[in-house]
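The block underneath contains the structure these notes are about, expressed in structure tokens.
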Amino acid sequence: MGNFSKKNTMQSNWGSACPDSDWGFGNDSRFGNDSRFDHDSKFKKSCKVCKSHDVSACKCNFKAPVRELAAPLNSDCVLVNSVVGSKAIQKVAEATFPFTAFTPAIPAGSTIVSVAVVPNLAGVTRNTRILRDKVVNIGLIPVTITVTFLAPGAATPATAVLSTSLPFQEHTDFPGACPEDMVVEPPLAIEGIFAQPGVPVIGPTGLVTADAILVKIVLRTTITVTRQVIVDSHGGICDVNERRCETTTTPTTDTLPAP
């Protein structure tokens, strides 16, 4: 190690690390008046290092990295949904239930006083498929059926309840529709509810019985068929799939999901 003198503890045989003025924090110190230690006059010096006048290290002007956006589009064409057609349609949901389907079971030969049918539109399930020039729609609508009846020989009416679902289906002629098109259908609206006792049905034993009730609900909606097309800057239109409407010799077979 060097021989440090008493006058300057940093003076060695190899010389001083910095001039005396640096130890006295003079004007040529590496801690000048433009130091970032402005809160303490003791440290109000520059960042110069031992006679170096390069203070660029003190100018820390950091910038956030520039975010790269997605690659710009290189086409003036747009993809849109073209309307093939739109029409208002009706669907009919109906089923016939024997007296024994209700709880409690309605005795055979009972007189039906009233039938109240409460549909649950929020629970409707629909499955829609497109054939060429035709839209097929199949679904179920949940209902609660309450029957007020007068059993044979009884003087006071009783009630029986059945919670079930009525199936509905409809196939709508739609010229121009193709299997790869899309269907937009708003929620169903109810146009009418009908109930008719005495309609023949096959009972639990396999025999035809008139101790049954037919329940029918007429529904209304609108079917809109759309197709994806490309539109250029001049308004020209071309189909995304120009072969979407080609016919096949094999009929469409589709097993729809259970509700």
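Between ALA160, ALA210, the distinction of being among the hydrophobic types (A, V, I, L, M, F, W, C), modelled with pLDDT of 90 or more and over 25 Å from ILE141 (Cβ atoms) belongs to ALA210 only. VAL183 - would you say it is under 30 Å from PRO251 (Cα atoms) and β-branched (Val, Ile, Thr)? The answer is yes for VAL183. In region 78-95, the condition of being part of a loop (DSSP other than H, G, I, E, B), more than 30 Å from THR205 (Cα to Cα), in contact with a Gly (Cβ under 8 Å, 6 or more places away or on another chain) and not basic (Lys, Arg) is met by no residue.
Just one of the listed residues (PRO179, PRO257, PRO187, PRO175) is in contact (Cβ under 8 Å) with a residue 24 or more places away in the chain, assigned to a loop (DSSP other than H, G, I, E, B), over 25 Å from LEU140 (Cα atoms) and of a type outside the set (Asp, Glu), and it is PRO175.
Restricting the first member to region 112-141 and to residues that are free of Cβ contacts under 8 Å to residues at least 12 places away in the same chain and of a type in the set (A, V, I, L, M, F, W, C), and the second to residues that are surrounded by 13 or more Cβ atoms within 10 Å (Cβ to Cβ) and assigned to a strand (DSSP E or B), the beta-carbon pairs closer than 9 Å and six or more apart or on different chains are ALA122/PRO142.
The values are calculated or read from the model by the stated rules, or taken from the named source; none is laboratory data. Please read these numbers as outputs of a predicted model, since none were measured by experiment. Please note: Cβ atoms are built from the backbone with ideal geometry, for glycine as well, and neighbour counts cover all protein chains shown.
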